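Down below is the structure, laid out as structure tokens.
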Amino acid sequence: MNKIAIIGAGPAGIEAAATLAAQQIEVDLYEQGERPLCNIRDKAFLFPNFAEAREVADRLTAKLDNPRIHLHANSDVDHLTESGDGRWIVNGETYDRVLITTGYRTFDAHRKEELGYGIYRGVHTSLEMEQMLREGKIVNANGDVPQRIAFLQCVGSRDEKTGNLYCSKLCCVTAVKQAIEVRKLIPDAEIFIFYMDLRMWGQHYEELYRQAQQEYGIRFVRGRISEAGGTYDGRVQIKSEDTLMGLPLKITTDLLVLMVGMEPSEGTRKLAEQCRICGDYGFAASADPHLDDNRTTHRGLYVAGACKRPMTLTDAVNDGRSAAVCLMGE
Ligand code: SF4
């Protein structure tokens, strides 16, 4: 087998590297960060079974323990170019095949100024909520235990204003998961989830949604928050409309959690442009999303994982494995 590079040590990249290495194939795995799987390690628990995120990340990282996998940490890939003979040059090194698995980043909530992120201390992103959950300590702007918490869905997704018309696919179930975790930590808090539609499409997701209502008393309000403002005592006042009741709604909450969507990472945008495989919204495009979802329109260049579209951890792992098989067959 020829020389292979994988760019991005996320779930898809690691699984692809491990699958290739198991077939005695040497792989150079480039990772921008200091260590792999930051997007998993910054979570507390994973949906739908509340598996501990770090434990899952450790098990996945253990797959790198193979002498045929050469991990290059802190290695940003600035240049990925075709060499002219069907091979690819990654930061000056020539490879026969390259797999891009550069993943996603979360939407920057500052872009939705009307929701007050970065202005009011009671407004947080779902990532910050994960951090509080990981630490097992949820506090409001004054450092007290919050008594009312509202989650807002679809921040930076399904939104004409930000230009992201797609659904990020994972934030509905993440909000339900976080709301349950909050309930476990603060049994007497009031917890609301404001949603446009609930998209509980995966296995056991619908059951989790039912559980959230029936066992954990989470209240679901169909309606979008149009504006959030601060109060003198550090709380957040939100204006919304209950679209089922057809009533405008104003409530004050201790914490507002913005469920931020997924966008292509900087690396994904950059490499998709350099290699002329730009898909929608800056994601990378495969040759055919139905039947050839790991090859690209260029020989020797492959894509896998959330660099193509929002994807669960399981889907990214499976897609990485699929890309490795595709790569070996050529
Ligand atoms: S998964 Fe849910 S919260 Fe996320 S963008 Fe889709 S509908 Fe909105």
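FYI, it's all coordinate maths here, none of it is from the lab. Please read all numbers here as calculations on a predicted model, not as lab measurements. We place every Cβ from the backbone using ideal geometry, glycine too, and count neighbours over all the protein chains shown.
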field: Summed side-chain charge close to residue 239 - residues other than residue 239 whose Cβ falls under 13 Å, Lys, Arg +1, Asp, Glu -1
entry: -2
Lys/Arg +1, Asp/Glu -1 at C-beta; the chain dipole; positive extreme among 305, 175, 328: 175
- line: Comparing 282, 118, 217 in a Gaussian network model of the chain (Cα, 10 Å), the one with the largest mean-square fluctuation is 118
Full-extension gain in nm, residue 83 to residue 24, via 0.36 nm per residue minus C-alpha separation: 18.7 nm
task: State, as an integer percentage, the relative contact order of the range 109-262 based on alpha-carbon contacts under 8 Å between residues 6 or more apart.
output: 34 percent
- request: Determine the calculated [θ] at 222 nm for the chain from helices alone, applying -39500 (n - 2.57) to every DSSP H run no shorter than 4 residues and normalising by the residue count; nearest 500 deg cm²/dmol.
  value: -8000 deg cm²/dmol
- request: Rank 275, 171, 154 by mean-square fluctuation in a GNM of the chain with C-alpha springs under 10 angstrom and give only the top-ranked residue.
  value: 275
task: Report the percentage of all Cα-Cα pairs in the chain whose separation exceeds 35 Å, rounded to a whole percent.
output: 27 percent
field: Cα-Cα separations in the range 1-103 greater than 16 Å, expressed as whole percent
entry: 57 percent
- prompt: Roughly what % of DSSP beta bridges within the range 1-102 run antiparallel, to the nearest 5?
  reply: 40 percent
field: Cβ-placed point charges (K, R +1; D, E -1), dipole of the range 120-255 about Cα centre in debye, nearest 20
entry: 140 debye
message: Only bridges whose two residues both fall in the range 109-262 count here: according to DSSP, what percent of them are antiparallel, nearest 5?
response: 45 percent
task: Give the percent of DSSP beta bridges with both residues in the chain that are antiparallel, rounded to the nearest 5.
output: 45 percent
- prompt: At a Förster radius of 25 Å, what calculated FRET efficiency corresponds to the Cβ-Cβ distance of residue 142 and residue 50, to the nearest 0.05?
  reply: 0.30
- prompt: What number comes out for the charge environment of residue 72, summing +1 per Lys or Arg and -1 per Asp or Glu over other residues with Cβ under 9 Å away?
  reply: -2
field: For the range 67-128, alpha-carbon Rg over 2.2 N^0.38 Å
entry: 1.85
- prompt: Remind me, relative contact order of the chain in percent, using alpha carbon pairs under 8 angstrom and six or more residues apart?
  reply: 22 percent
message: Using only alpha-carbon positions, what ratio does the radius of gyration of the range 109-262 give when scaled by 2.2 N^0.38 Å?
response: 0.96
Out-of-range pairs (alpha-carbon distance over 21 Å; input 177/239; 112/239; 43/177; 161/239; 137/177; 112/169): 177/239
Between the range 53-89 and the range 127-181, the Cα center-to-center distance that results, in Å: 31 Å
field: Within straight-line cross-link reach of residue 250, aspartates and glutamates at Cα separation under 19 Å, skipping those fewer than 8 residues along the same chain
entry: 113, 114, 190, 227, 233, 241, 242
message: Going by average Cβ density within 10 Å per residue, which order do the peptides 309-321, 56-68 take, highest to lowest?
response: 309-321, 56-68
Kirkwood-type radius of the range 211-310, with distances r between different C-alpha atoms, in Å: 17.3 Å
message: I want the local charge near residue 139. Using Cβ-Cβ distances under 12 Å, sum +1 for each Lys or Arg and -1 for each Asp or Glu among the other residues.
response: -2
